[in-house]
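Worksheet: one structure, shown below.
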Amino acid sequence: MSDQAGVHEKGTLTLEEVIKNAKNKKNFQKAGAIATFIGVVRGEDVKGEKVQRLVLEAYEEKANEVLAKICNDLRKRNGIFDVQIHHLLGEFHVGEDLVYVLVAGSHRKNVFPVLEEAVERYKKEAPIFKKEYKTSTCWVGEGKTQ
């Protein structure tokens, strides 16, 4: 597992491992807060149509580069000690975890805005592609997860 970011095949990484990785970093003793975001498969799309499953793929080399850059950029913020973004790839059913984002910092006021920015940036910047299986099947977005 990369210590800060990357795409991973489904089943190769857990949220517990991500948190443990953060707590094992040498500067963690300065942290007073960890905030996490877990993206999961919704049971319906934005139009309300039932989603049965998703398949996520990525341009892996570029996705790893983009996710690492986002983490490095955000880690420079005041009071932030760790930022991790780990996106899972493969086939997923409703309710399954898709992505883990973690921010550790000195105070909760430091971590929440950075967590939100990390989520918004990976969704816009990372070349991760989602195929929805519903009544009909279609690719969604242009290199963006929703």
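Filtered by the rule that a residue be modelled with pLDDT of 95 or more and either surrounded by 15 or more Cβ atoms within 10 Å (Cβ to Cβ) or farther than 27 Å from His107 by Cβ (or both), region 33-53 gives Ala33, Ile34, Ala35, Thr36, Phe37, Gly39, Val40, Val41.
Pick from region 41-96 the residues that are in contact with a helix residue (DSSP H, G or I) (Cβ under 7 Å, 6 or more places away or on another chain) and among the charged types (D, E, K, R): which of them is farthest from Gln29 (Cα to Cα)? Of everything passing the filter in region 41-96, Arg77 is farthest from Gln29 (Cα to Cα). Tally up the residues in region 59-88 that are part of a helix (DSSP H, G or I) and of a type in the set (Lys, Arg), please. The total comes to 3. When each of Gly11, Gly95, Gly48 is tested for being outside any strand (DSSP E or B), under 30 Å from Thr135 (Cα atoms) and without any contact (Cβ under 8 Å) to a residue 40 or more places away in the chain, the lone residue that passes is Gly48.
Taken together, Lys69, Lys25, Lys20 contain a single residue that is at pLDDT below 95, surrounded by fewer than 18 Cβ atoms within 10 Å (Cβ to Cβ) and more than 30 Å from Thr135 (Cα to Cα), which is Lys25. Among residues of region 26-45 being in contact with a strand residue (DSSP E or B) (Cβ under 6 Å, 6 or more places away or on another chain) and in a loop (DSSP other than H, G, I, E, B), the one that is nearest to Asn64 (Cα to Cα) is Val41.
The values are calculated or read from the model by the stated rules, or taken from the named source; none is laboratory data. Everything numeric here is computed off the predicted structure, so don't read it as measured data. Glycine also receives a Cβ, built like all others from the backbone with ideal geometry; neighbour counts cover every protein chain displayed.
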